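Worksheet: one structure, shown below.
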Amino acid sequence: SVTGMYIEAISDQHTYTPKEKITVRSEITNRSNIEAKVLKVRFNDLKMDTLLNTSLAYNISLKWDHDLKIPSNVNQTSPYWLKEKGSLGMYRVDDQKLIGNPRSNRALSATYYIEISGEEIEITKDIVYRYNDPEAGPIYRPLEIVPAISVKLKEKVYVLSNERPTKLSVSVKALSANQSGTVSLPVPKGWKITPTQHDFSIDYKGADQNLEFELTPPAGQSEFTMKPVVKANGKEYREELIKIDYNHIPYQSVMMAAESKMVKLDIKTAGRKIAYIEGSGDAIPKSLEQIGYVVDIIPVQEISKERLQGYGALVMGIRAYNKLDDIRFKQDVLMDYVSDGGNMIVQYNTNRRLKVDNIGPHPIKLSRDRVTVEEAPIEILEPNHPILNYPNKITQQDFDNWVQERGLYFASEWSDKYKAILSSNDPGEPARKGGLLVAQHGDGNFIYTGYSWFRQLPAGVPGAYRIFANMVSLNQNNKP
């Protein structure tokens, strides 16, 4: 660094596959008056040396292009902690010497042998890809070794509420030119996939092809993990290329198993149209549409008595009362909607910076109470309440296989006009009964729920769908 020696090894593309040709440009600039000479460059892992034996004059940039070939046995780029399948909350790393490293070693590097004032030193640089962004200027990305083909299903979770066929879209991406073969979607007994396989042919590197399949589920509740299989050039490909690109961290990509969860629900629904007021953002509307509901996103500014007519249920997105400044001007309209026979469901809000004094028709105080253990026992406090019986009979099985947590920001105090439906708690903590509260108001119902539906529904948890359908269905041909 004291010599001001600038050295780069730049590839002509960002990703490569084994046996693919690569051009690497070496660029060296001696930014000092010290006498220096580059003797050779060794391309590590490529087992190739290039003799240069060139003097490095002061502030003169020298460049060389090297035509190379990626070895057939080169390691695929992947974070070392993801190479083996881990357990819940724990990665598996067999090579203990890697633990603690912030990243995996780069696949390819170049070592430059420099002679400075008669002394030889070695400087190793990772081979990287560089391009110019019109706004950000030069952008560097690590050179990455990837398989020839990436495959993925369009969605990570598919939820089916009946036995009708569902279309599945599979994307095959060529990470190397001239790829052709077949794609199949294996299914367990009782499920049917049509066709059994598709042929594909892709000429250009980076191009993709979408293939349509039709999946027919069995009767009754069932689920499995679908894993697409691509066969091409005598090999099988079962991974998806995932790009991680954010301004605050270096770009990276990872190959992960191409998997999607298929869930066939045993579920009944009542009512069809839902008005949804978005808060901080969640995937609840999309999840409800998968089980047959028509969900309309209504901006807070458009909330009016006329706009809410015809909706059997109104659902507030997570933290809506924390985020939406204008909600305080619409609260009376929302309470009138409930009083006139509507069914309003408020998902969790934090207990600070609420935009209204009271989120419901009767006094309710939110807290920081939560249940973080996703397997925490659930006590059913009101087994005969319609929310646990119509149109789906809710049992303890509906609380199986929840993810990440039970819920958060439960109510800690509430008017006796509310009924607490469920109770749960983390080990060693008192019962938390404020996670699902229901109150009548006029001809309608108001529900506050801190249970984490925004996590459970996108994850395809069957019981969570059944309970949420019951919440939406309250007031649809039944009374509490």
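If you go through the range 21-41 one residue at a time, do you hit one that is under 43 Å from the mean Cα position of the chain (by Cα), more than 24 Å from PRO138 (Cβ to Cβ), among the aliphatic types (A, V, I, L, M) and assigned to a loop (DSSP other than H, G, I, E, B)?
no
Testing PHE329 on (1) touching a residue at least 40 places away in the same chain (Cβ under 8 Å); (2) closer than 20 Å to LEU354 by Cα, one condition comes back false. Which one is that?
(1)
Condition test on ASN349, is it farther than 19 Å from ASN445 by Cα, outside any helix (DSSP H, G or I) and touching a residue at least 60 places away in the same chain (Cβ under 8 Å)?
On the way: farther than 19 Å from ASN445 by Cα: no; outside any helix (DSSP H, G or I): yes; touching a residue at least 60 places away in the same chain (Cβ under 8 Å): yes.
In short, no.
Looking only at the range 450-480, count every residue that is farther than 20 Å from LYS273 by Cα and modelled with pLDDT of 95 or more and tell me the total.
Applying the first criterion (farther than 20 Å from LYS273 by Cα) to the range 450-480 yields 450-452, 455-456, 459-463, 480.
Still in the running and modelled with pLDDT of 95 or more: 450-452, 455-456, 459-463.
Within the range 450-480, residues that are farther than 20 Å from LYS273 by Cα and modelled with pLDDT of 95 or more number 10.
Report yes if some residue within the range 423-443 is assigned to a helix (DSSP H, G or I) and in contact (Cβ under 8 Å) with a residue 24 or more places away in the chain; otherwise report no. Show your work before the answer.
The initial filter retains those residues of the range 423-443 that are assigned to a helix (DSSP H, G or I), namely none.
No, because not a single residue in the range 423-443 is assigned to a helix (DSSP H, G or I) and in contact (Cβ under 8 Å) with a residue 24 or more places away in the chain.
Looking at the structure I just gave you, is LEU354 crowded, with 21+ Cβ neighbours inside 10 Å, among the aliphatic types (A, V, I, L, M) and within 24 Å of ASP282 (Cβ to Cβ)? Before you say what the answer is, go through the steps one by one.
On the way: crowded, with 21+ Cβ neighbours inside 10 Å: no; among the aliphatic types (A, V, I, L, M): yes; within 24 Å of ASP282 (Cβ to Cβ): yes.
No: the conditions fail for LEU354.
Name the strands (runs of 3 or more DSSP E) wholly inside the range 189-248 in which the number of residues that are assigned by TED's automatic domain parsing to the domain that holds LYS167, under 26 Å from the mean Cα position of the chain (by Cα) and within 28 Å of ILE267 (Cα to Cα) is 1 or more. If you could, list the steps in order and put the result at the bottom.
Working: elements: 192-194, 197-202, 208-216, 222-226, 229-232, 235-237, 239-244.
Per the criteria, 192-194, 208-216, 222-226.
Say whether the condition of being in contact with a strand residue (DSSP E or B) (Cβ under 8 Å, 6 or more places away or on another chain) and hydroxyl-bearing (Ser, Thr, Tyr) is met by at least one residue in the range 295-304.
No, the range 295-304 contains no residue that is in contact with a strand residue (DSSP E or B) (Cβ under 8 Å, 6 or more places away or on another chain) and hydroxyl-bearing (Ser, Thr, Tyr).
Would you confirm, using the coordinates I've provided, whether TYR348 is under 25 Å from ALA270 (Cβ atoms) and of a type in the set (Phe, Trp, Tyr)? Give the derivation first.
Working: under 25 Å from ALA270 (Cβ atoms): yes; of a type in the set (Phe, Trp, Tyr): yes.
Yes.
Name, by its number, the condition in (1) in the same structural domain as PRO217 (by TED's automatic domain parsing); (2) touching a residue at least 60 places away in the same chain (Cβ under 8 Å); (3) of a type in the set (S, T, N, Q) that does not hold for THR77.
(1)
Test ALA411 against the stated conditions and say whether it is crowded, with 20+ Cβ neighbours inside 10 Å and within 32 Å of the chain's Cα centre (by Cα). Full working, then the answer.
Details: crowded, with 20+ Cβ neighbours inside 10 Å: yes; within 32 Å of the chain's Cα centre (by Cα): yes.
Criteria met by ALA411.
Do the conditions hold for SER304, that is, is it surrounded by fewer than 20 Cβ atoms within 10 Å (Cβ to Cβ), modelled with pLDDT of 95 or more and either of a type in the set (Gly, Ala, Ser) or in contact with a Gly (Cβ under 8 Å, 6 or more places away or on another chain) (or both)? Working first, answer last.
On the way: surrounded by fewer than 20 Cβ atoms within 10 Å (Cβ to Cβ): yes; modelled with pLDDT of 95 or more: yes; either of a type in the set (Gly, Ala, Ser) or in contact with a Gly (Cβ under 8 Å, 6 or more places away or on another chain) (or both): yes.
So SER304 passes the test.
Go through the range 71-114 and count every residue that is among the hydroxyl-bearing types (Ser, Thr, Tyr) and part of a loop (DSSP other than H, G, I, E, B). Explain how you work it out, then say what you get.
Within the range 71-114, the subset among the hydroxyl-bearing types (Ser, Thr, Tyr) is 72, 77-78, 80, 87, 91, 104, 109, 111-113.
So of that shortlist, the ones also part of a loop (DSSP other than H, G, I, E, B) come out as 72, 77-78, 104.
Going through the range 71-114 one residue at a time, the tally reaches 4.
Taking the range 153-190, which residues are farther than 14 Å from ASP208 by Cα and among the hydrophobic types (A, V, I, L, M, F, W, C)? Let's see the steps before the verdict.
If we filter the range 153-190 for residues that are farther than 14 Å from ASP208 by Cα, which is where we start, we get 155-168, 184-190.
Hits for the range 153-190 are VAL157, VAL159, LEU160, LEU168, LEU185, VAL187.
The values are calculated or read from the model by the stated rules, or taken from the named source; none is laboratory data. On a predicted model such as this, the values are computed, not experimentally measured, just so you know. Neighbour counts run over all protein chains shown; Cβ positions are idealised from the backbone, glycine included.
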